[in-house]
Amino acid sequence: MEGRKIWGWAPVEECWKETGKPPVSVSWVDTNKGKNGEWGVRCRLVARDFKGGDKDRDDLYAETPPLEAKRMLFSRAASRPRGRQGEWRKLMFIDVRKAHLNAVCEEDVYIVLPEECEVDGKLYCGKLNYWLYGFRKAAKAWEDHYAQKLEGVGFRRGEACGVVFYHPRKDISLAVHGDDFTFCGVEKDLRWIQGEMNKWFDIKVRALISHRGCLN
């Protein structure tokens, strides 16, 4: 977390002066993702920002694509198989690691530093440079962040649903669910957007699928 410069150190009194509140507490969430009886523990530092009092606040949530959006991509690849110049359309699934940590925090947000930090937590706290999981605005900030990146390379964002995109020149369709990106297009163009996303984020290509099955 320190290597990614998620926060900078700040005196606790600065937090009180700027926000009138103490720093937001944090907690480690440990998940065992191991298989076949083997341990594979992943740890995530999460802010304790949700208290259940906020209602009717659309700005606190990221959109979720409707099921029809994913069906459209599969149908496009299966029933309209030929793209430009007679190429077969394919589906590519990309997962962005540590997605929420990519969005810049442009507000004065302070957290209690975890015990592992080599600094006196009674005197210092962390001022966020990037959003942390668990903050109410983190998901929406992440959505706006990747949308700006996609629009910057030619994608058009859906008007009725802000998590579906289309690239008119390259004929790439996309639906995004959190940190999962599902693309439909010809392989050359899919590899192009894969390269662009590699510049922006830490990604993992889960699969590249054609009408004949999984390619990788």
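Surface composition of the chain: carbon plus sulfur atoms hold 48% of the accessible area, using a 1.4 angstrom probe and ignoring ligands, DNA and RNA.
Once the Cβ-Cβ distance between ALA207 and SER27 is put in as r, and R0 is 30 Å, what FRET efficiency do you end up with, to the nearest 0.05? Here the calculated transfer efficiency is 0.35. Residues whose amide H comes within less than 5 Å of that of ARG206, counting only those at least five positions distant or on another chain, are PHE93, ILE94, ASP95 (H built at 1.01 Å from N in the peptide plane).
Applying 1/(1 + (r/R0)^6) with r as the Cβ-Cβ distance of SER75 and ASN129 and R0 = 45 angstrom yields a FRET efficiency of 0.60.
Net charge near ASN129, counting Lys/Arg +1 and Asp/Glu -1 over other residues with Cβ under 13 Å of its Cβ? My count for the surroundings of ASN129 gives -1. Extension gain, LYS17 to GLU2, is 3.0 nm, computed as 0.36 nm per intervening residue step minus the present C-alpha separation.
The spread of Cα positions in the chain, taken along each principal axis and listed from longest to shortest, comes to 65, 44, 31 Å. Where only DSSP H runs of four or more residues are counted, the chain gives -7500 deg cm²/dmol as its mean residue ellipticity at 222 nm, each run worth -39500 (n - 2.57).
Stretching the chain fully between CYS117 and THR64 yields a gain of 15.5 nm (0.36 nm per residue, less the alpha carbon separation). Applying a threshold of 31 Å to the alpha-carbon distances of LYS33/LYS199; LYS21/LYS70; LYS17/LYS140; LYS90/LYS137; LYS21/LYS204; LYS35/LYS149 flags LYS21/LYS70; LYS90/LYS137; LYS21/LYS204; LYS35/LYS149 as lying beyond it.
Positive end of the charge dipole of the chain (Lys, Arg +1 and Asp, Glu -1 on Cβ, about the Cα centre): tell me which of ALA138, VAL12, GLN148 has its Cα farthest that way. Farthest towards the positive end: GLN148. For VAL153 and ARG44, what is the calculated FRET efficiency with R₀ set at 22 Å and r taken between the beta-carbons, to the nearest 0.05? Efficiency computed from Cβ-Cβ geometry: 0.15. Peptides 32-38, 72-78 ranked from most to least packed give 72-78, 32-38, packing being the mean of other C-beta atoms within 10 angstrom over each peptide's residues.
The slack between TYR166 and ASN198, meaning 0.36 nm per residue of separation minus the straight C-alpha distance, is 9.6 nm.
The values are calculated or read from the model by the stated rules, or taken from the named source; none is laboratory data. Predicted model, so just to flag it, every value in this text is computed and none were measured. All Cβ positions, even for glycine, are placed from backbone atoms using ideal geometry, and neighbour counts span all protein chains on display. Heads up: the accessible areas ignore ligands, DNA and RNA and are worked out on the full protein's heavy atoms, side chains in. Shrake-Rupley method; radii C 1.70, N 1.55, O 1.52, S 1.80 Å.
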